[in-house]
Amino acid sequence: MERIYHKIGRIREHLALIRSIKDECGERFVSDPIYRGALLHYLYLLSDSCIVLAELVIKHKRLRIPQSYAESFDILGENNILEPGFSYEFAAIAGFRNFLAHDYEKIDSAFVCGNILAKLNEVDIFLEQIIKSLDLRL
């Protein structure tokens with residue numbers, strides 16, 4: 001359980017860092033390679049940490065082992081740890097993590113600064129549902 005608490009804390013840290021710089025994204029993403037690298041790095045850490053948290057919860061609850069990162073979220077939905085509809089949508093974070101890991105040079109600034117940063121609240125929802133389901137005291 002300690003690892004779950006720790007991972008939730010790390011996700012919150014990554015969210016706070018991203019939120020502290022996200023308003024500058026439109027101006028800086030294309031022109032500032034250090035800003036772009038930092039933002040993409042924290043987005044990668046955030047998405048990867050969400051996957052790890054999902055896997056930790058699966059292990060803690062002794063659920064079936066996922067065959068992919070995305071399936072981790074499906075399993076949480078099947079077991080009502082996450083709302084099933086939300087889990088299906090949120091599973092896209094696994095594809096985004098893989099995209100950041102392997103195709104980061106092809107990333108479009110409008111996609112990151114618009115679509116991705118607009119979905120940060122989904123990570124909050126993910127955490128809320130995990131915390132509620134496990135009855136954690138934070």
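The values are calculated or read from the model by the stated rules, or taken from the named source; none is laboratory data. If you're wondering where the values come from, they're calculated on a predicted model, not measured in any experiment. Every residue, glycine as well, gets a Cβ built from its backbone with ideal geometry; the counts of neighbours run over all protein chains shown.
Key figures
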{"item": "Long-range neighbours under 9 Å by Cβ, at least six apart or interchain, first residue at negative phi within the range 108-120, second basic (K, R) and modelled with pLDDT of 90 or more", "result": "S109/R36; V112/R36; C113/K22; L117/R19; L117/K22; L120/R19; L120/K22"}
{"item": "Criterion (without any contact (Cβ under 8 Å) to a residue 12 or more places away in the chain, over 23 Å from R3 (Cβ atoms) and among the charged types (D, E, K, R)) met by exactly one of E105, E128", "result": "E105"}
{"item": "In the range 107-138, the residues that are within 19 Å of N80 (Cβ to Cβ), polar (S, T, N, Q) and more than 16 Å from the chain's Cα centre (by Cα)", "result": "S133"}
{"item": "Close pairs from the range 17-38: first closer than 11 Å to C113 by Cα and among the polar types (S, T, N, Q), partner in a helix (DSSP H, G or I) and modelled with pLDDT of 95 or more, Cβ under 6 Å, at least 6 apart", "result": "none"}
{"item": "Where a residue in the range 76-90 is of a type in the set (F, W, Y) and its partner, wherever it lies, is not in a helix (DSSP H, G or I), with Cβ under 8 Å and at least six apart", "result": "F90/L82"}
{"item": "Hey, F86 surrounded by 13 or more Cβ atoms within 10 Å (Cβ to Cβ), at pLDDT below 95, within 17 Å of C50 (Cβ to Cβ) and over 12 Å from the mean Cα position of the chain (by Cα) or not", "result": "no"}
{"item": "Filter result (surrounded by 12 or more Cβ atoms within 10 Å (Cβ to Cβ) and over 30 Å from R62 (Cβ atoms)) within the range 1-18", "result": "L17, I18"}
{"item": "Test: residue in the range 122-135 that is among the charged types (D, E, K, R), at pLDDT below 95 and crowded, with 17+ Cβ neighbours inside 10 Å", "result": "no"}
